[in-house]
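Novice: Here it is, the structure in full.
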């Protein structure tokens, strides 16, 4: 995903074609990354960050900030894997409220806007929410095994 994001930023991804001859606008592809919908009491706002040097990872009710660059160079997959393995081994339980943070974003937008303003405007809560919202994207790590091509 990070390499694809780089390709999008460098405009190296070929646009989709309508009727095999008319290129479609590709601007929406750039909004897949570094973009967040900020809740408002009247209307939400889309915020796009020009670049993000990390991703947000959710695992067993905990949120992690995983750096994806070192000295302006994208980390190699094996370097990212080391960080993911550390997360998978972490047995630390979530702090109060951390496990259910994402549920706030799925409910009523006005309620989320009010809650965000009340509880996530300063301090550790603000910094934690910033790490999630300003991430290139969110990755969910599951413990369960799965097989590609199977359902259920």
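Values quoted throughout were computed directly from the atomic coordinates according to the rules given, and no laboratory measurement underlies them. Computed from a predicted structure; not experimentally measured. Every residue, glycine as well, gets a Cβ built from its backbone with ideal geometry; the counts of neighbours run over all protein chains shown.
Novice: At what distance in nm do the modelled label points of residue 138 and residue 45 sit from each other, each positioned 7 Å from its Cα along Cα→Cβ?
Specialist: Calculated label separation equals 2.0 nm.
Novice: Another question, if that's okay. Round to a whole angstrom and tell me the spacing of the C-alpha centers of the stretch 24-83 and the stretch 93-152.
Specialist: For the stretch 24-83 versus the stretch 93-152, the Cα centre distance is 13 Å.
Novice: Under 8 Å for C-alpha pairs, at least 6 residues apart: give me the relative contact order for the chain, rounded to a whole percent.
Specialist: On the way: 154 pairs, mean separation 43.7, N = 152.
That works out to 29 percent.
Novice: What shape does the stretch 89-152 have by the C-alpha gyration tensor, where a ≥ b ≥ c are the square roots of the eigenvalues, rounded means a/c under 1.5, and otherwise prolate means a/b greater than b/c and oblate the rest? Working shown, then result.
Specialist: On the way: a/c = 2.30, a/b = 1.71, b/c = 1.34.
It comes out prolate by the Cα gyration axes.
Novice: Ranked by Cβ crowding within 10 angstrom, fewest neighbours first, how are 41, 3 ordered? Intermediate values should be presented prior to the final figure.
Specialist: On the way: 41 12, 3 9.
Result, fewest neighbours first: 3, 41.
Novice: Still on this structure, please answer the following. Specify whether the C-alpha gyration tensor of the chain places it in the rounded, prolate or oblate class, a ≥ b ≥ c being the square roots of the eigenvalues: rounded for a/c under 1.5, otherwise prolate if a/b is larger than b/c and oblate if not.
Specialist: Details: a/c = 1.62, a/b = 1.18, b/c = 1.37.
Cα axes put the chain in the oblate bin.
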